[in-house]
Each structure stands twice: as C-alpha cells, then as structure tokens.
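Worksheet: the structure to be examined is printed underneath.
The values are calculated or read from the model by the stated rules, or taken from the named source; none is laboratory data. From a predicted model like this one, the values you see are computed outputs, not experimental measurements. Here Cβ is always computed from backbone atoms with ideal geometry, including for glycine, and neighbour counts include all displayed protein chains. We work out accessible area using only protein heavy atoms, side chains counted, and drop any ligands, DNA or RNA first. Shrake-Rupley method; radii C 1.70, N 1.55, O 1.52, S 1.80 Å.
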Amino acid sequence: MKHILLVSFVVLTISLSAQSFSFDPKEPSAGEQITLHYDALDGPLQNETAHAIIYSLRIGEEPEAYEANLIEGKGSFTVPKNSQALFIKFSNPDESIIDKNNEKGYPVLLYNNGKTKERSNAAIASTYIKYNRYVYIDNDITTGASYLTKELNDYPNQKSDNEIYALIASVGKAQDNHDVIDEVRDRIGGVQSKTDATEKELEYAASLARVIKDKTLLDEIEETITNKFPNGNLATRTTVNESRNIDDIDLLLSNYENLKNQLSGDKDAQSYRNSMLRTIANHYGADDDIDNFWKYANMIDNQTMLASLYNSLAWEFSGESLDGEGSHIDFGEELSRKSLKIIESEKVDKTQKPTYFTDTRWQNNMDYSYAMYADTYALLAHKLGDKEGALKYQSIAVKENEYQDGDMNTRYAVFKEAQDGGLSVMPFLEKMIKEGQASIRMKTQYLRLFKENLTVDQAAEKYVALLEAEAKEKHREEIKEKIIEEEGKTYSLVNLDGEIVSSQSMQGKIVVLDFWATWCGPCKASFPGMQKAVDKYADDPNVEFLFVDTWESGEDVEGKVRKFINDNAYRFNVLMDSKNEVVANYGVSGIPTKFILDKEGNIRYKSVGFGGNDAELIDELSIVIDILKSESGEVAQP
C-alpha cells in the first residue's frame, strides 16, 4: 500500500524569524561535539545574555534537557551517544525570556556516514506531534508530518515500528485522512483477533484507538484487557485512580495490600505505590488520625509528592482563608514547615527533576512551589499570632508571583498592617488599586486606613473612586485587545433541573460559558465572584450565565455537583457535560475556562484560570458584556 502520509513536502531547513542560528559540522553525529552560533538580532533575546537549551531526542522517550553557555553567541555541546536528533531553544539565564523561533524551535538532524540517521526525522516529528509540551512549544501536526514523510521515504521499514506508526495515526486523524484511519482500524483489528495477544499489545491497540478518537473501540479493547488481565497494568491503574474517590479507609487499605504484590516488577510500581500511600495518608490526616497519617506518609519516597501532601493538609487545617475557621493549627504549621524544608532540599538534590527539565527550569519550578507553600505557612503563622513569620513568608509568596495573585496580595496587606502598622501598607494598597489588582477587601482596608489616619471620609471615597476609574479604563483597553470573533460551537446539555439548554435556545442572548469541576480549586475559588456577577445581571433577560460541569469522575456525579451547589447556596444554572463532549468541542485544555458568546453565538472572548481577585473578575466580565451590548446598540449596565 502507498505511504499513507498526508503531505508531500519536507521541511528540512530551519525557519528563522528575527534571529540567526547555525551549527557546525553541518552533518553532526551522535557522540560528536558541535558548535552553536546564535545571534538574537531584533528577536526576543535582543540585549539579553543568551544560553542554549538543548533537548536530546529519542523516539518514544521523553526529551532529555541540557544547557550550554554561549560566549559572544558561540557555544559547544557534545551530542549524547544515544541521541537520535536534537531540538534547541535559546533563553536568557533564568529562562524567563525564551526564543522558540515562532514555536518551531531549532531542530537538528543527526547523520551517519553522510546520510540522515535512522529515526532522526521521526524523533523530530514526535517532538512536534506528541512531545511538544515537554519542550514547551505548540503542537504542530503539519511540521511533524513533513519530518515523518522524510523518515518513511528514507527508511520505509520504519512504518512497522509501533511508535512511528502511532505518529502516522495522529497525523491521519488530524488531517481526516480516511485511508490512514481505516488502516489504523485494520491494525487494531489484527491485535484483537489474536487469541494470545499480550496486555502490552492490547494496550498499544487501545492507544491507537485513543489517537483516532474512537471511544467505542477504545472501550471494547479496555474491556478485553480488564477481563483477560484482571491483575494487569490497566486494572492496577484503574484501582489506583478510583481509590482517590474512595472514602472507606478499610477499602483503601485492602486495595493497597492487594496491589502491593501485583505492583512488584512494574516499571511504574513505585509511582502507583506512592499515589496510593498519599491517598491513604491524606485520608488519615483529614480524619485527625495523626499516628496513621505519619505511618503511611513516611512510606512515600517521592519527596515533592510528600511536600505536596503536607502542604495540602496544612492548607486545609489553616481554614484556607483569612476568615476560614482553622483546625489543628499547630499540626498544620508543623506540616507546612516540613513542606518548605523538603522544597529547599529538592532545589539542590533534584531527586524528582524530570529529564526534560533543565537545572534552571527545575530551580524556577521549586521557587514557585516554595512560594505557594510559603503562602500556606504565612496563613498558619498569622492564626498562631506570629506576625513576623506571617509577613516574612507572605512576602516570599507575593514576590515570586509578581503580585499577580489577588488572594495572596490580600493576605499580604493584612499581615503587613498587623506587623508594621497601617501607614506602612497604604502605599501598597494604593498601587494595587491604581493597577486594578485590589480585591474588595483591600479596597475596604484602604478606606478604613485612610479614614483612621487622615480623617477625610469623603476625600477617601472620592480618591478610591478616582483610582478605580483609572484602573477600569486601563483594564478596558487591555480587554478590548483580547476581543476575538470565532465561529460558535453547538451544544445541548441538561441542567440540574432536568431542562435541556442548547446553543439554539440561547440565540439572542450574551452567554457566559464557565467550564468547571467540583475538584477544581481555582474554579471553586472563583465562584463567590461569579455569584456576584450572576446577581449583577439577574434582571437582564439578554445575559445568561451557564456553568458547564465537566471532567468529573466517580459515582453519582450529578449528586455530588448538586450537593456542592446547594451547600454553597449558589444560584447557578449548572449544565452537566457528563460525556466531556462540549468541553472537547470547545478545545478546553484547563479549567476554569470561560467563553463569552455574542447574541449570534460567536465566541468573542476567552479567559483561562482565576487569579484570585473577585473584583477584577467581575470587572472583566462586565467590560466584555458592555462591549458586546454596545455592538448591538444596547445600553450597557452601570
């Protein structure tokens, strides 16, 4: 059969934007030293000290990251002997500015005796198609397909390789090539027809079904695996994943004991074991069984997982907010202190550093984790009356987050006043208000301090209003730049009242679609602000808020969602995306994600995540709604 690839052209040259890159020798080999030449010109690293981030590639494996210093744009690197290709980016020393060459990076083929090394093109193709997130570039099927075509032209026998064939399937599905998809199904069928098929073979067939997005076929294969290998890898993974939603500690312990034997020898055994141990330890910690908590926590040998467990429980014990009622504060402080100590050690020891992380990126990652855990420790210190400790660690948190997290900033202002006095925090509050980053609590704090210290009530209110006006105007101009116009997606879901809500029924309304889940911390943190936004437009028949629950797991999902909404007294129109079809159709990659649709159903605005600032969230939604209203000649709501 003819090659079933979709493109006939091959990208072999490095596409340059505003910078220049070359290397020698021109046909490098594995184990050989190469010299890199880089000139930032007027690219992102202009006027920056550049260094190289080099990924050694092997098909089917995670990229392995290295760094090379450049002196006057020149540096050297010895290619690992097992490398099949290289993928290079350039950055400043702390990797805060990266030249990705317009998301293409700088791929480098390797050679043997003047000919492109076998699997070299495929390794680069895999980076664009499958491993792009490991090298922090966008997925690029077209470029990946061109390298894959060259691999198969040079080495036709590589089509039989499972990893390379999976890439063929990915490209075929992306380009809706029915010849490719039909052949993939035939290959899957060949595995299914084997009476002696191993679990590994069936899991590969399942992975192909997943690539071509054939859920019926995938379910069929996984059912076969489960029945044929009741103690196999899939059963193990399923048990570990389902254990996260089990509340019965006896059942958890039974699952753990049963899994210990079947985990022996599995390459992922330690990872599964640690995951189960974390679930058990977390259960005991939440139930105040301290002895058993330490018993199982001390069995975890993944240090960053252990730190995450400690921080998670410590945050829960803190009450999770300034006003939240904490419990076991002393124990929480001990756990938080331990989490910080672990991260400090991991900065140096790097025991959990992924292969695709450079040392610099690992340091940045650990700095971020330390700041997040410092935020937890500061809240616990505050509730223990340790004013100095609270301010010290909250300062670390807000600085690492560049004062972009609203909740962290709010706590910092409270701790700063408690330790250093009201006058000391007023400049910070003024700055946050002017920049539109002040929460409602920070604004209230500033008004109180203004009145207490300056006794000019009316002037204080006018001053805050002036600052807010400046911030809103700045915010409006920023948002106007982000307004888009994309064709809307169709949807039809049932809400918690059993009513069908569809894109068709929402025609003529401005719709805010908020994708969320009960397990999503940022989603839940945004909901008090979202309730205020819902209330603001409650009497407006032309504005509708739809909260699309998705990506849930476990039993009685609807009951769990209903309980969460009722327990928090939210007045939301919640739609159940039980099959995760709408979230996939909208291309959502993380939640919370909000889309604002105009009256014709077109997507006009997209927002991902929640920065912790309820006032900013409400302003953001209101500004977009006002813009869309003005387009249709409607009067914006004050």
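Evaluation of Asn453 against the conditions (1) polar (S, T, N, Q); (2) open to solvent by 30 Å² or more (accessible area, probe 1.4 Å); (3) under 23 Å from Ser622 (Cα atoms) shows that the sole unmet condition is (3). Of everything in the stretch 545-592 that is among the charged types (D, E, K, R) and not in a helix (DSSP H, G or I), the residue that is surrounded by the most Cβ atoms within 10 Å (Cβ to Cβ) is Asp549. Selection within the stretch 527-544: residues that are touching an Asp or Glu at 6+ places or on another chain (Cβ under 8 Å) and in a helix (DSSP H, G or I). The member of this set that is most open to solvent (accessible area, probe 1.4 Å) is Lys532. Checked against the criterion of being in contact with a strand residue (DSSP E or B) (Cβ under 9 Å, 6 or more places away or on another chain) and open to solvent by less than 10 Å² (accessible area, probe 1.4 Å), the stretch 355-370 contains one or more residues that satisfy it. Does Leu467 satisfy being aliphatic (A, V, I, L, M), buried (at least 19 other Cβ atoms within 10 Å of the Cβ) and at pLDDT below 95? It is true that Leu467 is aliphatic (A, V, I, L, M), buried (at least 19 other Cβ atoms within 10 Å of the Cβ) and at pLDDT below 95. Residues that are in contact (Cβ under 8 Å) with a residue 40 or more places away in the chain, of a type outside the set (Ser, Thr, Tyr) and assigned to a strand (DSSP E or B) within the stretch 593-608 comprise Lys594, Phe595, Ile596, Leu597, Ile603, Arg604, Lys606, listed in sequence order. Can you find a residue in the stretch 476-483 that is open to solvent by 100 Å² or more (accessible area, probe 1.4 Å), in contact (Cβ under 8 Å) with a residue 24 or more places away in the chain and in a loop (DSSP other than H, G, I, E, B)? Looking through the stretch 476-483, at least one residue is open to solvent by 100 Å² or more (accessible area, probe 1.4 Å), in contact (Cβ under 8 Å) with a residue 24 or more places away in the chain and in a loop (DSSP other than H, G, I, E, B).
Looking across Ala418, Ala390, Ala438, one residue alone is open to solvent by 40 Å² or more (accessible area, probe 1.4 Å), among the aliphatic types (A, V, I, L, M) and under 21 Å from Ser321 (Cβ atoms). It is Ala418.
Checked against (1) part of a helix (DSSP H, G or I); (2) within 14 Å of Tyr55 (Cα to Cα); (3) open to solvent by 40 Å² or more (accessible area, probe 1.4 Å), Ser126 passes all but condition (3). Taking the numbered list (1) touching a Lys or Arg at 6+ places or on another chain (Cβ under 6 Å); (2) open to solvent by less than 20 Å² (accessible area, probe 1.4 Å); (3) touching a residue at least 40 places away in the same chain (Cβ under 8 Å) in turn, Gly326 passes all entries but (2). Taking (1) assigned to a helix (DSSP H, G or I); (2) touching a helix residue (DSSP H, G or I) at 6+ places or on another chain (Cβ under 8 Å); (3) over 30 Å from Gly612 (Cβ atoms) in turn, Asp250 satisfies each apart from (2). Here Ile221 does not fit the description of being among the β-branched types (Val, Ile, Thr) and not in a helix (DSSP H, G or I). Taking the condition closer than 26 Å to Glu468 by Cα, in contact (Cβ under 8 Å) with a residue 60 or more places away in the chain and among the small types (Gly, Ala, Ser), does Gly611 pass? Yes: the conditions hold for Gly611.
To keep it simple, each residue is scored yes or no on (1) open to solvent by less than 50 Å² (accessible area, probe 1.4 Å); (2) touching a strand residue (DSSP E or B) at 6+ places or on another chain (Cβ under 8 Å); (3) at positive phi.
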| residue | (1), (2), (3) |
| --- | --- |
| Phe595 | yes, yes, no |
| Glu600 | no, no, no |
| Gly611 | yes, no, no |
| Leu617 | yes, no, no |
| Val624 | yes, yes, no |
| Lys629 | yes, yes, no |
| Gly633 | no, no, yes |
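Of all the numbered requirements in (1) modelled with pLDDT of 95 or more; (2) outside any helix (DSSP H, G or I), Asp301 misses one, and that requirement is (1). So in the stretch 563-578, with the set limited to residues that are out of contact with any Phe, Trp or Tyr (no Cβ under 8 Å at 6 or more places or on another chain) and of a type in the set (S, T, N, Q), which one is nearest to Ser502 (Cα to Cα)? Taking the candidates together, the pick is Ser578.
Given the options Lys213, Lys260, name the one that is at positive phi and either open to solvent by 40 Å² or more (accessible area, probe 1.4 Å) or assigned to a helix (DSSP H, G or I) (or both). On inspection, the qualifying residue turns out to be Lys213.
For the stretch 626-636, indicate whether the set of residues that are of a type in the set (Ser, Thr, Tyr) and touching a residue at least 40 places away in the same chain (Cβ under 8 Å) is non-empty. Among the residues of the stretch 626-636, not one is of a type in the set (Ser, Thr, Tyr) and touching a residue at least 40 places away in the same chain (Cβ under 8 Å), which makes the answer no. Taken over the stretch 88-123, the criterion of being touching a Phe, Trp or Tyr at 6+ places or on another chain (Cβ under 9 Å), assigned to a strand (DSSP E or B) and open to solvent by 40 Å² or more (accessible area, probe 1.4 Å) is satisfied by Ile98 alone.
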